[in-house]
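Here is the structure we will look at.
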Amino acid sequence: MSDQPQAADSADAADADGPEVPVIDLPGDAFDAVLDALDDRDPDEPLRFEGFSVARDDDGGYVLADGGRPEPLTERELHEALSERAAAVTDWYAFERVVGEFGPRRAFLRWIEDADGETVATRYAALAEGIERAWGELKITATITDRGERRYDLRHADDAGVPVDDLETHEDPLGARELVTLDEKGRYRPLKTAPSLAGGWVFPDLGPRDLYETVETIYPATVANWHREREGELDVTHWRETMERQSGIYGVVKTWDRGEGYEHVNWVAEACCDDSQCLKRREWQYDEDTDLDVDGGDGAFPCREPCSVVVSAARKWTRLESEQPRTYEFELTPSEKEQVEDIIDAVADGRTDEIREADTKEGANRYRARFLRAKRFDDEGNLGGVPTDPDAE
Ligand code: SF4
């Protein structure tokens, strides 16, 4: 996942000749917003843009300061001056008025174009080419109109480069709800941050607010938690605390807080929270003082507490893990033992569909598995003819 915006030609755009800033027409809305903002301020309290500021003077006129001598202006002259500086004004307008209040939405949209790190000129040049960002399995491409308005193309990363006309187009952020329910094979996706988002669709022309809404619909709370983390305000609820909150049937999970302790929780995290299973970066641990041994992953957005999918799976495992081990005796050839291991690996890694019928070198090949079953299972389905419960013989 890219942590820096990928501007198609940003390096070229910011070469020795300086970035090639697109020509921007100052929209009337942006100019009116500047006048309104100045009206709301005391005279002499400047409104700051990149490279200059504007204030009202005491006589109903305006003063522009750009490092040189402050210049008194009439409203018409102010319009001219701001039209010459339309990039900086529209940048102010985009974030202060269109995007609005401080918070996750604004931080996310500024992050997309690195607005807190790059100049307006560099960003506008990059936006003119298209700035690409990854968010989970999403690809966001930010561009700019000749009025300084941001527009966003949102699609599955696998559909990068596919013409819009070849994809199912959407406009309404709520349309994303139907995209996240099922995976490519039509199976329900209980975990919205699983890397199983189906492609084939595009939101080709979203405004800033709608982009944010759409991303948050596809990956709920990911921007909010990413923002909290950036602000140093991510409130993490660790495993133990989460389990202590479970009641009723979920209370059984608490039994893992006894005896062998957090070893089971390592297995849960390895099974469910690995990057191959979930795009979030797990930040929760066993408890505040006890980190888990497995890596939390590299996702751009954090996971602040065990999710319902994990809690539900853990409940099942807790029941299974309450059983005592038994010794069974089977006969397997060395290849058959390895084949059992191959099958478990293939299922755990979700690779069974990739194994071709003709590939009998692969232990998890369907014919190989059927052969093993035919050879080693009895009529009741017992491996090696050994019943699971010897007392049931
Ligand atoms: S608990 Fe694990 S699987 Fe669930 S959202 Fe967090 S990282 Fe993903």
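The values are calculated or read from the model by the stated rules, or taken from the named source; none is laboratory data. No experiment lies behind these values; they were computed from the predicted model shown. With ideal geometry, Cβ positions are generated from the backbone for all residues, glycine too; neighbour counts draw on all protein chains shown.
Before moving on, here are some points about what is shown:
To keep it simple, each residue is scored yes or no on (1) closer than 30 Å to residue 133 by Cβ; (2) surrounded by 19 or more Cβ atoms within 10 Å (Cβ to Cβ); (3) within 16 Å of the ligand (Cβ to nearest atom); (4) modelled with pLDDT of 90 or more.
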position	(1), (2), (3), (4)
307	yes, yes, yes, yes
321	no, no, no, no
327	no, no, no, yes
336	no, no, no, yes
339	no, yes, no, yes
348	no, no, yes, yes
351	yes, no, no, yes
361	no, no, no, yes
364	no, yes, no, yes
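- Subset of the stretch 181-197 [within 12 Å of residue 138 (Cα to Cα) and out of contact with any strand residue (DSSP E or B) (no Cβ under 7 Å at 6 or more places or on another chain)]: 193, 195, 196
For (1) surrounded by 12 or more Cβ atoms within 10 Å (Cβ to Cβ); (2) out of contact with any Gly (no Cβ under 9 Å at 6 or more places or on another chain), each residue gets a yes or a no:
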| residue | (1), (2) |
| --- | --- |
| 24 | yes, no |
| 28 | no, yes |
| 37 | yes, yes |
| 49 | yes, yes |
| 52 | yes, no |
| 56 | yes, yes |
| 59 | no, yes |
| 65 | yes, yes |
| 78 | yes, no |
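- Among the residues of the stretch 309-319, just one is buried (at least 20 other Cβ atoms within 10 Å of the Cβ) and either more than 8 Å from the ligand (Cβ to nearest atom) or small (Gly, Ala, Ser) (or both), namely 314.
- Contact map, the stretch 24-46: residues that are on the phi > 0 side of the Ramachandran plot paired with residues that are crowded, with 18+ Cβ neighbours inside 10 Å, Cβ distance under 6 Å, separation 6+ or inter-chain. Pairs shown: 44/55.
- Residue in the stretch 122-135 that is in the same structural domain as residue 220 (by TED's automatic domain parsing), within 30 Å of residue 278 (Cα to Cα) and touching a Phe, Trp or Tyr at 6+ places or on another chain (Cβ under 9 Å) present: yes
- Residues of the stretch 110-163 satisfying the condition of being in a strand (DSSP E or B) and basic (Lys, Arg): 133, 139, 150, 151, 155
- Residues being out of contact with any helix residue (DSSP H, G or I) (no Cβ under 8 Å at 6 or more places or on another chain), assigned to a loop (DSSP other than H, G, I, E, B) and more than 16 Å from the ligand (Cβ to nearest atom) - total across the stretch 173-215: 5
- Out of 150, 155, 177, 209, sole residue that is surrounded by fewer than 17 Cβ atoms within 10 Å (Cβ to Cβ), within 30 Å of residue 124 (Cβ to Cβ) and in contact (Cβ under 8 Å) with a residue 40 or more places away in the chain: 209
- Lone unmet requirement of (1) part of a loop (DSSP other than H, G, I, E, B); (2) under 19 Å from residue 146 (Cβ atoms) for residue 29: (1)
- Picking from residues in the stretch 276-291 that are without any contact (Cβ under 8 Å) to a residue 40 or more places away in the chain and surrounded by 15 or more Cβ atoms within 10 Å (Cβ to Cβ), the one that is farthest from the ligand (Cβ to nearest atom) is 281.
- Look at (1) of a type outside the set (Gly, Ala, Ser); (2) under 30 Å from residue 234 (Cα atoms); (3) assigned to a strand (DSSP E or B) and you find that residue 91 fails only one, number (3).
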